[in-house]
Amino acid sequence: MDRQPMGRAAGANVPQERVSYTLETRQVVATGLGMGALVATLDGMIPVEFLTPGERMVTRAGLRVLRAVSAMPFVKRLVRVAPGALGHDRPGQALLLGAQTQVFLRDWRAQALFGQREALVAVERLVDGQFVTRIEGARARLYTLIFDEPEVIYADGVEIGCGAMAVASAK
């Protein structure tokens with residue numbers, strides 16, 4: 001089966017300036033999706049680099065509005081998940097993730113590795129050296145998606161945990 005982006009990104013050449021850099025980061029954390037990861041939206045499967053704030057995203061809890069997208073280059077702490085490593089067609093293509101990106105497991109892996117029916121774990125804890133591998137010395141731009149509340153999205157068939165936007169309290 002040939003995997004092509006569907007929806008508005010199919011064949012569209014979306015200008016780079018559509019990517020929003022709306023978050024200030026004081027501490028570098030290796031989380032996010034690598035370029036080319038297909039993410040489920042109301043408009044179909046869209047490459048992560050074409051997402052913008054306000055996008056309606058398909059999450060485990062239903063449709064949610066994407067509040068911010070942060071894009072940051074990383075050189076280390078990357079993990080590659082081979083096609084089919086997390087189940088049949090999960091992911092459908094090689095998936096590059098930041099090492100601390102949360103992956104939602106709800107199969108035998110969650111039970112065998114963590115003693116639970118379901119587990120949200122950093123992908124680096126799944127590294128096996130063959131199907132889930134560390135990538136050393138590679139450069140990649142990681143895209144972190146931010147919502148009002150923590151959410152689980154679908155990227156190339158894999159359930160990925162995303163964080164909530166931090167709100168500064170008034171004093």
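Ranking of D128, D107 by solvent-accessible surface, largest first: D128, D107 (1.4 Å probe, protein heavy atoms only, all chains present). Extension gain, L113 to Q100: 0.36 nm times the residue separation minus the Cα-Cα distance gives 3.0 nm. For region 70-119, the solvent-accessible area with a 1.4 angstrom probe is 51 square angstrom per residue. When +1 charges are put on Lys and Arg Cβ atoms and -1 charges on Asp and Glu Cβ atoms, the dipole computed for region 42-171 relative to its Cα centre reaches about 360 debye. Counted over region 51-171, the DSSP beta bridges are approximately 95% antiparallel. All other residues whose Cβ lies under 11 angstrom from that of T133 are scored, Lys and Arg at +1 and Asp and Glu at -1, for a net of -1. Percent of accessible area on region 86-141 owned by carbon and sulfur, 1.4 Å probe? In region 86-141, the share of accessible area belonging to carbon and sulfur is 45 percent.
The values are calculated or read from the model by the stated rules, or taken from the named source; none is laboratory data. This is a predicted model, so every value here is computed, not measured. Glycine gets a Cβ as well: all are built from the backbone with ideal geometry, and neighbour counts include every protein chain shown. Just so you know, the surface numbers come from the protein's heavy atoms only, side chains and all, with ligands and any DNA or RNA stripped out. Shrake-Rupley method; radii C 1.70, N 1.55, O 1.52, S 1.80 Å.
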